[in-house]
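Reviewing the structure listed below.
Readers should treat all values here as calculations from the given coordinates under stated rules, not as data from a laboratory. These figures come from a predicted structure and were not determined experimentally. Here the Cβ positions follow ideal geometry from the backbone for every residue, glycine too, while neighbour counts run over all protein chains shown.
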Amino acid sequence: MLGGFCMRSYAVSPADYTIGFRTKRAMSNSEAWEYANKKCGILWIITGLNGVPLTLLSVFLMENERVLSFFQAALLVVITVSAVISAVAVEIQLKNKFGR
């Protein structure tokens, strides 16, 4: 969630290398930069919001160490895959909206 909020709030034009959705297509112009950070920021916030209840659920699983370890590993995979999917989705949107 924090990454999403940072993308939406602190990734300002012109594109720089400190924070934001830094791909060649996103950094091609200020309109693409702002669009990419807004879209990806929203997706990361949604992913984070969905992860909060799952993370809190892991607190209740602390009694069984084996289940907790499996649950935390699964949660890490889900969040990582969600981040990759959101990056791919934003790249596709950028390509459709701004072309090559």
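Considering all different alpha carbon pairs of segment 2-98, the Kirkwood hydrodynamic radius works out to 14.5 Å. Estimated purely from DSSP H runs of n ≥ 4, each contributing -39500 (n - 2.57), the mean residue ellipticity at 222 nm for the chain is -26000 deg cm²/dmol once divided by its residues. The loop-placed chymotrypsin sites (Phe, Trp or Tyr not before Pro) in the chain, going by DSSP, that have at most 11 neighbouring Cβ atoms within 10 Å of their Cβ come out as Tyr17.
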